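To start, the structure under review is shown below, and the notes come after it.
The values are calculated or read from the model by the stated rules, or taken from the named source; none is laboratory data. Just so it is clear, the model here is predicted, and its values are computed rather than measured. Please note: Cβ atoms are built from the backbone with ideal geometry, for glycine as well, and neighbour counts cover all protein chains shown. We work out accessible area using only protein heavy atoms, side chains counted, and drop any ligands, DNA or RNA first. Shrake-Rupley method; radii C 1.70, N 1.55, O 1.52, S 1.80 Å.
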Amino acid sequence: MKVLGLVIACAAGPAPATVTNALATRAAGDQVQLGWTATGAVDVYLAYAPDARIADAVLVSGADKDGKALVRVDATKRPYFLLRDAADGAMTEVSERIVPLAQGSNFRDIGGYAAADGRHVRWGVIYRSGASAMLTPDDVSKVNALGLRNMVDLRSDEERVLAPSKIDGVPYSAIGYSMTTLLAGMKNAAPQNGATIYRGFPTMLAPQLRIVFDLLRRQQGPIEYNCSAGQDRTGFTTAMILSALGIPRETIIQDYHLSTAYRQPQYEMPHIDLARYPDNAAAQMFGRYQDNPAMRVAQPLKEADGTPFLKGAFDEIEAKWGSVDAYLEQEVGVSAADRAELRRLYLH
């Protein structure tokens, strides 16, 4: 019996780390704070390419058991971290959710989210953002380092004229429409957001979604798509992408609400002189927005009862098409086979 007990103990070996809740946040200009939950030791590796292999990475913390590490990084590059279970070699990749820009707003990666089947969205291939009209030269360099291959601008004609992007050299797509389409859901050109506006998104943004999904199907990424704040039109677009990838609705809503923390309204559009644009409805709306002290801080994206504005879009889809899958197939042209292929390409 003693010999049998010894064999069992040896076979058990070290407890697997089972890494969960991995998180990376910028602690300083060249330092990233990592945190995770694990039952055993974890080896931490640093790389500067998404989907990097251990051979392409540098060990920065070995057999780490305290669930945290402060890592010095190259501030000019986007870092990716591989958390390897020291016992069985299982790998978890994590990066910063937000791309740290001095004068950017809400520029973030939708990687890392867990799908219902246990796979995760690949990091470094799909970015969502607010407008990029006020990026500094250093910011532009950081964005260029992402290797973007396509951008899709969800903004209106007026917004694109008032605040042209500073990201040059990347193939760029946009669908023309007037801001008055959105202003129809607002009173007196005042920025009053809500579920009513979102109910119009499934129809209004279908042409833009066709472009985004076509790029994803053809692997024309990394891609970036944006509106002005990176929260409403961009939030709806992100919800459709994550839905197609099989990400649970709860996770989609959590990502949607991150805009309240990550927006920097002062960097989304240059200051507008209302006197110069007396007949421009978009300029008047954004000018009043800029002059309203309450709107200089990102506002929560929910109704007074706590209901997310995004629910308005989901309600509209379910009422008219029956489900998000049916909407994507009938209105956007993304079939069940397309969704399966997208999951193969963008989950791992």
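Send over a whole-number figure in Å² for the accessible area per residue of the range 61-121, probe 1.4 Å. Don't jump to the answer; show the numbers that get you there.
Values: 2490 Å² over 61 residues.
Ligands and nucleic acids excluded, the figure is 41 Å² per residue.
Got a sec? What order do Glu96, Glu250, Glu158, Glu318 fall in by accessible area at 1.4 Å, biggest, i.e. largest, first?
On the way: Glu96 5, Glu250 130, Glu158 40, Glu318 80 Å².
Of Glu96, Glu250, Glu158, Glu318, the descending order of accessible area is Glu250, Glu318, Glu158, Glu96.
Given R₀ = 22 Å, FRET efficiency for Ala49-Arg149 by Cβ-Cβ distance, to 0.05? Show your work: numbers first, answer last.
Details: r = 15 Å, r/R0 = 0.67.
Computed FRET efficiency for Ala49 and Arg149: 0.90.
Please work out the FRET efficiency for the pair His271 and Tyr172, using the Cβ-Cβ distance as r and a Förster radius of 30 Å; give the result to the nearest 0.05. Walk me through the numbers on the way to the answer.
Values: r = 24 Å, r/R0 = 0.82.
The pair His271/Tyr172 has a calculated efficiency of 0.75.
Does anyone have the angle between helix 310-320 and the longest principal axis of the chain? Alpha-carbon axes, 0 to 90°, nearest 10?
It works out to around 80 degrees.
Taking a quarter of the surface of the Cα convex hull of the chain, what do you get in nm²? Show your work: numbers first, answer last.
Values: hull surface 84.1 nm².
Computing the convex hull of the Cα atoms and averaging its projections yields 21.0 nm².
To make sure I understand the rule: partners must be aspartates and glutamates, Cα under 13 Å from the Cα of Lys65, and not fewer than 8 residues away in the same chain. Which ones qualify?
Within the straight-line cut-off, Lys65 pairs with Asp43, Asp85.
Can you give the accessible area of Arg217 in Å² (nearest 10), computed on protein heavy atoms with a 1.4 Å probe?
Number for this one is 80 Å².
What do you reckon, how do Arg344, Arg26 stack up by accessible area (1.4 Å probe), largest on top? Please list the in-between numbers first.
On the way: Arg344 140, Arg26 70 Å².
Final ranking, largest accessible area leading: Arg344, Arg26.
In nm, what is the difference between 0.36 nm times the number of residues separating Ala27 and Gln299 and their Cα-Cα distance?
Working: separation 272, 0.36 × 272 = 97.92 nm, distance 2.46 nm.
In short, 95.5 nm is gained.
In percent, how large is the relative contact order of the range 210-348, given Cα pairs closer than 8 Å and 6 or more residues apart?
Numbers: 101 pairs, mean separation 38.9, N = 139.
For the range 210-348, the relative contact order is 28 percent.
May I ask you to order 237-249, 289-301, 78-90 by the average number of other C-beta atoms within 10 Å around their residues, highest value first? Spell out each step's value before the answer.
Details: 237-249: 21.2, 289-301: 13.8, 78-90: 19.5.
Highest to lowest by the protection proxy: 237-249, 78-90, 289-301.
Rounded to the nearest 500, what is the chain's calculated 222 nm mean residue ellipticity when only DSSP H runs of at least 4 contribute -39500 (n - 2.57) each, over all residues?
Details: 14 runs with 111 residues, N = 348.
-8500 deg cm²/dmol, from helical runs alone.
Keeping to pairs on different chains or 8 or more places apart, tell me how many lysine pairs in the range 66-224 have Cα atoms under 24 Å apart. Each step should come with its number before you reach the end.
Details: Lys68/Lys77; Lys77/Lys142; Lys77/Lys166; Lys142/Lys166.
For the range 66-224, qualifying lysine pairs total 4.
Cα axis of helix 206-217 to longest principal axis of the chain: angle in degrees, 0 to 90, nearest 10?
30 degrees
Rounding to the nearest 10 and keeping the result within 0 to 90°, find how far the Cα-based axis of helix 2-12 lies from the longest principal axis of the chain.
30 degrees
Just report the Cα centroid separation between the range 93-109 and the range 273-348, whole Å.
A separation of 20 Å, based on Cα centres.
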